[in-house]
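Here is the structure we will look at, set down as structure tokens.
The values are calculated or read from the model by the stated rules, or taken from the named source; none is laboratory data. Predicted, not measured: the structure shown is a model, and the values here were computed from it. Cβ: placed from backbone, ideal geometry, glycine included. Neighbour counts: every protein chain shown. Ligands, DNA and RNA are stripped out before the accessible areas are found, and what is left, the full protein with its side chains, is counted by its heavy atoms. Shrake-Rupley method; radii C 1.70, N 1.55, O 1.52, S 1.80 Å.
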Amino acid sequence: MAARAYWQGQIRLALVSIPVEIYAATKSGAAISFRQIHEPSGKPIKYEKVVQGIGPVDRDEIVKGYELSKGNFVLLEDEEIEAVKIESRKTLELVQFVDQHEIDVFYFEKPYYVVPADDLADEAFIVLREALRKTKKIALGQLSVRGREQLVSLRPCGKGIVLETLRYADEVRQAQSYFDEIPDETPTDDLLDLATTLIEKKSAAFEPEEFRDRYVDALRALVEKKAKAKGKKILEDVEEPSADRGSNVIDLMAALKKSVGASDTSTTATKKAPAKKAPAKKAPAKASASKAKASSSSSRTRKSA
């Protein structure tokens, strides 16, 4: 594979070891980054390490510190931090299996592809994959990489397995603190039916290619135009969806009915569009022209007579 493996080692299930390689499933390519530039000279700005009241300091005078309270730090040297790092192990032991629906979505962090390291690992890899698929379970383990230990899950994905790093419990904010003040009410059947109808009309298969980051696209276009304009200022308005902000009081029933009606209209228009024919009936005009020509010819004949 062209990509560099994020991790190489073996998955261990009891006494079975499966040599695997793990590759990042995502990449960062959409974002556009900027540098700060000194406009008069056109040179990039660099940053210095500065201590308030002292000024710039040398890099070898800098140590890491953990702030216990405001202005009160515990200083740690690199050797001390290195000493407590988890040793990178080449074994990912599967310690537990859970139902697929048991892990809330906000625990999942980043996906990776898991593939057999060689032909000899294929059989055991396939057995693990199909066993997970048959039981509808997710495998859990802890992966040691670059000095830290990550909680990970494994699930089947097509011919392979997807590993996802998981957040630990103390990294996830509990939903109750945000949702407690939401009223515990049940909507009326009419409102619920309208909302359900709208959802069903707008339901479709997920095609990620249909969605683009309009801001990134606009930035790329701006950079290209700016480069061609040789410094000339370019300001363009990005069209935003129109919204009626005339009132904060919303008639939910009317809004849902209008939304469903608009959805019906757009769907009908889309379906009928191919059946439309361009108006191209020129026959009457040609007929009248022929009559005029005949009348003119008849008139000339009478005059000559």
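A simple spin-label model places the labels of TYR168 and ASP119 4.3 nm from each other, with each point 7 Å out along Cα-to-Cβ.
Determine the share of region 50-104's accessible area contributed by carbon and sulfur atoms, expressed in whole percent, with a 1.4 angstrom probe. Walk me through the intermediate numbers first.
On the way: 2450 of 4930 Å².
C and S fraction of accessible area: 50 percent.
Accessible surface area normalised per residue over region 5-70 is 87 Å², counting heavy atoms of protein chains with a 1.4 Å rolling probe. Rolling a 1.4 Å probe across the protein heavy atoms gives region 141-209 an accessible surface of 75 Å² per residue. Backbone amide hydrogens, once placed in the peptide plane, bring ARG89 within less than 5 Å of SER144, excluding anything fewer than 5 places away on its chain.
With +1 on each Lys and Arg Cβ and -1 on each Asp and Glu Cβ, and nothing else charged, work out how big the dipole of region 1-138 is about its Cα centre, in Debye to the nearest 20.
Taking the Cα centre of region 1-138 as origin, the dipole is about 560 debye.
In this structure the amide hydrogen of ALA25, modeled in the peptide plane, comes within under 5 Å of the amide hydrogens of TYR112, TYR113, none closer than 5 places in sequence on its chain.
When GLU200, GLU39, GLU207 are compared by accessible area of protein heavy atoms, the largest-first order is GLU39, GLU200, GLU207, using a 1.4 Å probe. Coupling constants for region 137-150 follow from the phi torsions by the Karplus curve (6.51 cos²θ - 1.76 cosθ + 1.60, θ = phi - 60°), and in residue order they are 10, 10, 8, 10, x, 10, 9, 9, 9, 6, x, 10, 9, 10 Hz; glycine and proline get x. Backbone amide hydrogens, once placed in the peptide plane, bring GLY9 within less than 5 Å of VAL20, excluding anything fewer than 5 places away on its chain. Rounded to the nearest 20, the Cβ-based charge dipole of region 134-209 about its Cα centre (Lys and Arg +1, Asp and Glu -1) stands at 980 debye.
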